[in-house]
Every structure is written in C-alpha cells, then in structure tokens.
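Novice: So that we are looking at the same thing, I have put the structure below in structure tokens.
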Amino acid sequence: ATPRCSARQLVREALERYGLNPEDFGQFALCDVVGRPGGAGGGWQGEHLREVGDWERPLVLQELWKPKAGWSRRFEIRRRQDLDRAGDNNGDEGDGTGEWRVATEGRWPPGSG
C-alpha cells in the first residue's frame with residue numbers, strides 16, 4: 001500500500017489477502033478507529049469510529065492527523081451492513097455507543113471469532 005491508495009483499494013487488497021472475493025469490496029468499509037490502552041486485559045480500547053470514504057487516502061490521513069498524546073489510531077475493516085445498523089442505534093442512544101458497538105463486535109477476517 002502507498003499513500004496514493006484509496007480506502008476502496010485497501011479494502012480490496014485486504015479481502016484478497018484473506019482469501020475472500022475482492023469483488024465483494026462494496027460490502028465492506030474501512031474504518032478509522034481512535035482509542036487507547038486500557039481495555040479488558042490491558043488491551044487496546046477503541047473509543048471513536050468513523051467510516052473512511054471510499055476515495056479518501058487513509059495513509060495520508062494517518063500521516064496528517066495524529067491522535068493526541070495517550071491515544072492511538074488503527075484502521076479496521078467492517079461490514080457496511082453492521083455500520084448501517086450501528087448508525088440506526090446512534091440516534092436512539094445519543095451517546096455514540098452504537099458507533100463503538102460495531103468496532104467491538106466484528107472480527108477480522110469475518111468468521112474468525
């Protein structure tokens with residue numbers, strides 16, 4: 001991957017790498033997740049999730065927008081249908097927990113956990 005790669009290209013590459021059909025890229029989205037250490041068992045705890053637009057360049061985003069001290073960023077691939085469901089919950093709860101639920105429920109590659 002290079003800084004010129006779009007989110008769409010990175011999703012296709014990841015699907016291919018994990019033996020999934022890269023033509024199914026439309027079913028998945030790249031998500032920018034910001035979190036910090038301190039989750040269960042001392043692991044990483046994501047706090048904010050944002051779907052990256054298909055034509056955005058994630059490696060440029062990573063370079064230009066650094067999280068504040070004590071926070072870190074990682075990119076995760078999620079099924080779009082799960083993101084849509086979480087978005088429906090956000091309006092009801094008003095606290096952003098619907099967004100985060102998506103990032104904690106899914107596992108990559110799909111079906112791995």
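Novice: Go through (1) out of contact with any Lys or Arg (no Cβ under 8 Å at 6 or more places or on another chain); (2) modelled with pLDDT of 80 or more; (3) of a type outside the set (F, W, Y) for D88 and report which single condition fails.
Specialist: (2)
Novice: Restricting to region 44-61, what's the tally of residues that are within 20 Å of R4 (Cβ to Cβ) and out of contact with any Phe, Trp or Tyr (no Cβ under 8 Å at 6 or more places or on another chain)? Lay out the reasoning, then the answer.
Specialist: Step one: list which residues in region 44-61 are within 20 Å of R4 (Cβ to Cβ), which gives 52-61.
Subset that is out of contact with any Phe, Trp or Tyr (no Cβ under 8 Å at 6 or more places or on another chain): 53-57, 59-61.
Number satisfying all stated conditions: 8.
Novice: Ok, one more. Would you check which residues across region 46-64 are in contact with a strand residue (DSSP E or B) (Cβ under 8 Å, 6 or more places away or on another chain) and among the β-branched types (V, I, T) and list them?
Specialist: V52
Novice: Next up: Could you count how many residues in region 1-55 are surrounded by 15 or more Cβ atoms within 10 Å (Cβ to Cβ), among the polar types (S, T, N, Q) and in a loop (DSSP other than H, G, I, E, B)?
Specialist: Number of matching residues: 1.
The values are calculated or read from the model by the stated rules, or taken from the named source; none is laboratory data. Here the structure is a predicted model, which is why all the values come from computation and not from measurement. Cβ: placed from backbone, ideal geometry, glycine included. Neighbour counts: every protein chain shown.
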